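The values are calculated or read from the model by the stated rules, or taken from the named source; none is laboratory data. It should be emphasised that the depicted structure is a prediction, and the values quoted were computed from it without experimental measurement. Here Cβ is always computed from backbone atoms with ideal geometry, including for glycine, and neighbour counts include all displayed protein chains.
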Amino acid sequence: MPGDWAAALAAARLPRTAWLEIDLGRLAANLGILRRAIPAGTRLDVVLKADAYGHGAVPIGRALEAGPERPDGLAVATFDEAVELREAGLRLPILVLFPIPPEHAAEAGRRRIAVTVGDEVLLERTLAAIEVARGSARAGGRRRAPHQLEVHLELETGLGRAGLPPELARGAAARIAAAPGVRLGGIWSHLQAPVDADRTTGQADRFQSAMELLDADGIRIPRRHLSASGGLLAGSAPLLDGVRIGLALYGLPPDDLPADRLAGSAAAGLEPVLSLHARPIRVIDLPAGSGISYGPSFTTRRPSRIASLPVGYGDGWSRASSNRAEALVRGVRVPLVGTVAMDAVMADVTDVPGPEVGVDDEFVLIGEQGEERITALDVARARTTISWEVVTGMARRLPRVYHAGLVPLGVRTLAGWRIGGSDSALERGHLRPGGRRDRQPREPQPVDGDGRRRGDQARGR
Ligand SMILES: Cc1ncc(COP(=O)(O)O)c(C=O)c1O
């Protein structure tokens with residue numbers, strides 16, 4: 001950690017010595033790489049569901065909207081994720097990828113939130129809810145009709161999760177076309193195994209056949225979308241009118257993309273946006289035979305120096321990684337030992353060369369230090385899961401330090417926001433691509449009176 005950055009973090013007065021760093025410069029660079037990986041005129045929608053894969057949906061959305069290369073739209077999984085973004089003032093088009101309860105359909109229309117429908121019964125209920133809302137608007141004397149609800153139809157082409165079977169698409173599209181107050185915004189499907197060329201071709205063919213039938217019926221489909229990170233980076237699927245990219249935006253290639261495919265693809269230049277850091281709450285020398293943490297599942301075999309890091313399964317550092325993961329300290333890999341507790345995990349630092357490791361040393365659990373790097377994929381493999389789950393699982397209680405290269409932009413804690421530089425730094429984004437933490441940072445400013453941003457106060461949040 002460069003000394004300047006340490007000073008900037010000290011000035012941020014984090015509530016605990018474990019934190020995530022989110023590099024918005026890398027986010028911008030990744031967006032640029034993805035933009036260049038798709039043909040001009042193809043839409044690039046970015047997926048901000050699950051708190052932007054643990055990166056923080058509102059700050060990520062603001063940074064993207066304010067950046068030099070905006071995405072064409074945002075996608076989330078739930079209605080309230082979309083509302084959160086609208087409440088934060090985001091204006092980009094938003095699509096909710098999972099069907100919402102029909103009773104929220106009218107509000108979705110009002111807020112210009114597009115919704116997905118993939119079931120005939122829910123489609124009828126959604127249309128009925130919109131009709132009721134139009135009726136009450138008329139009865140209330142409103143001259144202007146409520147905003148039209150944009151509906152995307154999801155097709156089941158082989159994922160086995162959601163969506164209308166293709167043979168029902170014509171009827172559904174015709175119902176939407178005939179219903180006042182709604183319009184067809186697009187038709188989409190999702191790939192089951194993008195690195196499996198045959199499976200993907202099968203899904204793409206089923207999708208294409210359904211589109212041809214709709215074309216024959218004269219139904220205009222403004223947007224057809226199929227590919228997420230895997231389809232784009234494996235090059236296995238047609239990009240159609242646009243792609244919906246999550247994982248790759250955050251700098252993480254899909255786990256199962258073979259290394260040679262990765263090197264030749266746009267993903268080669270992507271850099272992880274998120275890193276996880278901690279300083280110990282205790283470093284102690286223990287004799288051989290000492291049990292470490294619950295169980296114990298680890299007992300020292302020699303006199304050992306053990307650092308306790310304040311990160312546990314309550315932060316998303318899964319208990320399943322007990323005795324299976326590593327951290328970096330002073331650029332050296334050290335094993336994490338003992339059962340992961342809710343709030344702590346222990347590192348065996350006995351073999352770190354040089355002066356004894358102490359409470360001022362910074363550990364990296366995900367990210368880079370010196371020449372070493374621990375990726376979300378490394379962490380995922382240690383606990384037999386996938387990169388998506390590792391980053392998405394990062395708990396809200398981990399403070400998030402937003403920066404662009406070496407410029408600290410803001411800190412999100414459970415108590416609210418502290419903003420470095422100007423209050424609107426995040427909105428303006430400072431989204432210059434690239435940049436590692438090796439230049440002089442500006443110091444984050446002290447906490448605003450009640451820890452909230454001025455903009456948020458104005459909106460009464
Ligand atoms: C429907 C849909 N589209 C797009 C995505 C984004 O996928 P990825 O993170 O692999 O880019 C997801 C992620 O789960 C999804 O469910």
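Can you name every residue in segment 171-222 that is farther than 20 Å from PHE98 by Cβ and among the hydroxyl-bearing types (Ser, Thr, Tyr)?
THR200, THR201, SER209
Please name all residue pairs, on different chains or six or more residues apart, with Cβ atoms under 8 Å, provided the first residue is in segment 134-146 and is at pLDDT 75 or above and the second residue is of a type outside the set (Lys, Arg).
Hits for this filter: ARG134/ALA145; ARG134/PRO146; ARG134/PRO180; ARG134/GLY181; ALA137/ALA145; ALA137/PRO146.
Output the number of residues of segment 285-317 satisfying the condition of being exposed (fewer than 15 other Cβ atoms within 10 Å of the Cβ) and either of a type in the set (A, V, I, L, M) or in contact with a Lys or Arg (Cβ under 6 Å, 6 or more places away or on another chain) (or both).
Going through segment 285-317 one residue at a time, the tally reaches 2.
Take segment 378-397 and flag every residue that is of a type outside the set (Lys, Arg), modelled with pLDDT of 95 or more and over 15 Å from the mean Cα position of the chain (by Cα).
ASP378, VAL379, ALA380, THR385
Please enumerate the residues belonging to segment 1-36 that are of a type in the set (Phe, Trp, Tyr) and in a helix (DSSP H, G or I).
Passing the criteria: only TRP5.
Condition (residue is more than 16 Å from the ligand (Cβ to nearest atom), not hydroxyl-bearing (Ser, Thr, Tyr) and not in a helix (DSSP H, G or I)) applied to segment 46-55: is it met by at least one residue?
no
Restricting attention to strands (runs of 3 or more DSSP E) lying wholly within segment 318-366, give those where 2 or more residues are surrounded by fewer than 21 Cβ atoms within 10 Å (Cβ to Cβ) and modelled with pLDDT of 95 or more.
Those strands (runs of 3 or more DSSP E) span 332-337.
Would segment 17-33 turn up any residue that is more than 30 Å from GLU371 (Cβ to Cβ) and either in contact with a Lys or Arg (Cβ under 7 Å, 6 or more places away or on another chain) or surrounded by fewer than 19 Cβ atoms within 10 Å (Cβ to Cβ) (or both)?
Scanning segment 17-33 turns up no residue that is more than 30 Å from GLU371 (Cβ to Cβ) and either in contact with a Lys or Arg (Cβ under 7 Å, 6 or more places away or on another chain) or surrounded by fewer than 19 Cβ atoms within 10 Å (Cβ to Cβ) (or both).
Among the candidates VAL47, VAL115, VAL96, VAL76, which residue alone is hydrophobic (A, V, I, L, M, F, W, C) and touching a residue at least 60 places away in the same chain (Cβ under 8 Å)?
That would be VAL47, the only listed residue that is hydrophobic (A, V, I, L, M, F, W, C) and touching a residue at least 60 places away in the same chain (Cβ under 8 Å).
Using beta carbons and a limit of 8 Å, which pairs, at least six apart or on different chains, have the first residue in segment 22-43 and touching a residue at least 24 places away in the same chain (Cβ under 8 Å) and farther than 22 Å from LEU409 by Cβ and the second one of a type in the set (A, V, I, L, M, F, W, C) and crowded, with 24+ Cβ neighbours inside 10 Å?
Listed by first residue and then by second, the contacts come to ALA37/LEU232; ALA37/LEU233; ILE38/LEU232; ILE38/VAL243; THR42/VAL243; ARG43/VAL243.
What are the pairs with Cβ atoms under 6 angstrom where one residue, in segment 320-333, is touching a residue at least 60 places away in the same chain (Cβ under 8 Å) and at negative phi and the other, located anywhere, is of a type outside the set (Val, Ile, Thr) and surrounded by fewer than 22 Cβ atoms within 10 Å (Cβ to Cβ)? Sequence gap at least six, or different chains.
ALA320/ARG383; SER321/ALA382; SER321/ARG383
Determine if segment 70-81 includes at least one residue that is surrounded by 20 or more Cβ atoms within 10 Å (Cβ to Cβ), within 15 Å of the chain's Cα centre (by Cα), at pLDDT 95 or above and among the β-branched types (Val, Ile, Thr).
There is at least one residue in segment 70-81 that is surrounded by 20 or more Cβ atoms within 10 Å (Cβ to Cβ), within 15 Å of the chain's Cα centre (by Cα), at pLDDT 95 or above and among the β-branched types (Val, Ile, Thr).
Being of a type in the set (Asp, Glu) and in contact with a Lys or Arg (Cβ under 7 Å, 6 or more places away or on another chain) is the filter here, so list the residues in segment 360-386 that pass it.
Once the filter is applied, which keeps residues that are of a type in the set (Asp, Glu) and in contact with a Lys or Arg (Cβ under 7 Å, 6 or more places away or on another chain), segment 360-386 yields ASP360, ASP361, GLU362, GLU372.
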